[in-house]
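The values are calculated or read from the model by the stated rules, or taken from the named source; none is laboratory data. Predicted model, so just to flag it, every value in this text is computed and none were measured. Virtual Cβ from ideal backbone geometry, glycine too; neighbours counted across all protein chains shown. Areas reflect the complete protein model, heavy atoms only, side chains present, ligands, DNA and RNA absent. Shrake-Rupley method; radii C 1.70, N 1.55, O 1.52, S 1.80 Å.
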Amino acid sequence: MRNLYGILILLVLIIPSCVRHSYPPQLITVDSLCSTCPDSALHMLDSMKDSCRAMDEDALWYYRLLCVKAADKAYIKHTSPKEINEILNHYENGGDSRLLPEAYFYAGSVYRDLNDAPQAVEYFQKALEHVPDKDLRMKSRIYNQIGQVFMSQGLTDMAVSAYKEAYKKDALLKDTANMIYSLRDIGYAYNKKAENDSCEQVFRQALVLSQDKGDKELERDIQGQIAGIYVERGKYREALMILDKYNILADNTDKSAHLYIAAAIYMGTEDYDKAEKYCDSLRMYGNIHAKRVAYKHLMRICSKKKEYEKVSIYSDKYEEYCDSVERIRAQEAVANIHAIFNYNLRTKEIARLKAKRAHNLIIFASIISFLSLCTCIALYILHKIIRRNERQKELFHRLRRYQYEMSQDYRKENLAEIHRLEQQISTFKDKNHELVIMLEEQRTLLIAANKKSETDYNDKISSMQRIYDTAIYKSVLNKARTDKPLSDIEWEVLDVVINNNIKNFRKRLYDICKMSSHEYNICMLIRLDLKMKDIAVLVGRSSSAITMVRKRLHTKILGKSGNGNDFDEFVKSL
């Protein structure tokens, strides 16, 4: 009897420790849908919003983790770390330990979306440390994400190592599809490193696997990647063979990339009609980088066809997309600064909490953290000031360039260059075909530039005449003769009339420097070529005050002191 009581007591102690928490069937279903049908998973989670309040605490935390997981699987970009930090805190401090690796994984995914590469990699590494050894599929996903983060930072060697680890796990699982994707990622990284032989070898290996698997979509995807590499190496004929044989353009998974490849192939083979067709499609479906390349190709095509007006239009669009790409790069640089800054703050907080047991260590860590924080803030402020000054200088020089390109000197200079190019074309006509093509393209661009210059100059003259014919201009002259300042309504009307006839007059001034409405009003009157005494009357100030404003604006815009007349000439040239 005593033995029986002992066994019962032992069972009472052991059984609770072996029981794992079970979750509602709906949540298990959602989890299984996340990878295959994330949209359906999100819909189910949304429908459970009200009923989930009745769940126990563990199920509720599981529900919150699934919300993050489903959004990530549906490629919805995470915008805040608040939710995942709370979830992670729960699982790190007593939650279901089975879900801790997944919580770390999606914490890494969130910080990846927030461009915080150091924190993302740290959480992915923690996921690797906590994931069971037998869960090879989870390890493959983690290594793949680490590789993606390293690639986004330009660390191609480290990315290759991570992708190779993912491939090893896929191979052990005999998961052919993921093996192909891992090889594709490795090949892409080798391509970025300009290791052509390794790149081609890896893509060939992926191609063989896709053919063995009999998956036409995967095979077409890999063939598209190989075609892209051929294009980069100038092997247009080989790329065209792949395009025709495997119908790459029928694959809509990466339409922008495939249209880019097609446009590049036909530009390389000088089939300009087909190239123009795909460039037009790129303008509709391409990403910002592809659109920039499309407009560059279209400039060359229209140059060949001597459609000079289109050359000018596409040239402007090309510059516009070049500027957009530069802005994106600048934003990414600022995002990286923010990431390092935020990472230092988190490191400082962790050090502060741990230092309760080591008072001397916290003093040292605080000093280092404070200096790091000050350095980051100073670098960030310096970066913002430099970017602002560079932007101001860039806008000013671009405006100066625009003014010069409307001048007679610019057109004379271009005519002289055109004459020189024509002489060179005549000299090399039968000697160097490629050089003649290049010279003809330069000549075409100069002819188009001169035509645009003359059109812009004539538009400028006619726009001023239209302003002089308006009622508000006559009202301005009348007010000046009768020594009366303009009313608020008259200033507004004058602003509308000037900007309707002189394109971007206000925008150009405000882009270069910040100015008050009073200073802007003076600029409008200077643009109308009014006398200084009349300007003083119309704005209700003395002539000496107007002179001081002109000198101040000269310094702000041109970056150096000067007299009012120099500033007047600048404003009149807008």
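Side notes on the structure shown:
- If the segment from Ile367 to Lys551 were pulled out straight at 0.36 nm per residue, it would be longer than the present Cα-Cα gap by 61.5 nm.
- The calculated FRET efficiency for Ile381 paired with Asp430, based on their beta-carbon distance and R0 = 56 Å, is about 0.35.
- With 0.36 nm allotted per residue and the present C-alpha distance subtracted, the Leu60-Asp215 stretch has 51.8 nm of extension available.
- Per residue accessible area in Å² of the range 431-574, where ligands, DNA and RNA are left out and the probe is 1.4 Å: 54
- For Asp483 and Glu454, a Förster radius of 51 Å and the Cβ-Cβ distance give a FRET efficiency of 0.75, rounded to the nearest 0.05.
- Surface share of carbon and sulfur [accessible, 1.4 angstrom probe, percent] for the range 409-448: 51
- Carbon/sulfur fraction of accessible area - the range 137-250, other protein chains in place, 1.4 Å, %: 46
- Val208-Met438 FRET efficiency (beta carbon distance; Förster radius 30 Å; 0.05 resolution): 0.15
- Most to least packed among 309-318, 367-376, 520-529 [average Cβ atoms within 10 Å]: 520-529, 309-318, 367-376
- A straight chain from Asn196 to Glu569 at 0.36 nm per residue would run longer than the Cα-Cα distance by 128.7 nm.
- Protection-proxy order for peptides 132-140, 184-192, each taking the mean of Cβ atoms within 10 Å per residue, highest first: 184-192, 132-140
- Note on Glu307 and Met241: their simple-model spin labels are 3.3 nm apart, each label 7 Å out from Cα toward Cβ.
- Note on His43 and Thr269: their simple-model spin labels are 4.3 nm apart, each label 7 Å out from Cα toward Cβ.
- Measuring only protein heavy atoms, the 1.4 Å probe finds Met267 accessible over about 10 Å².
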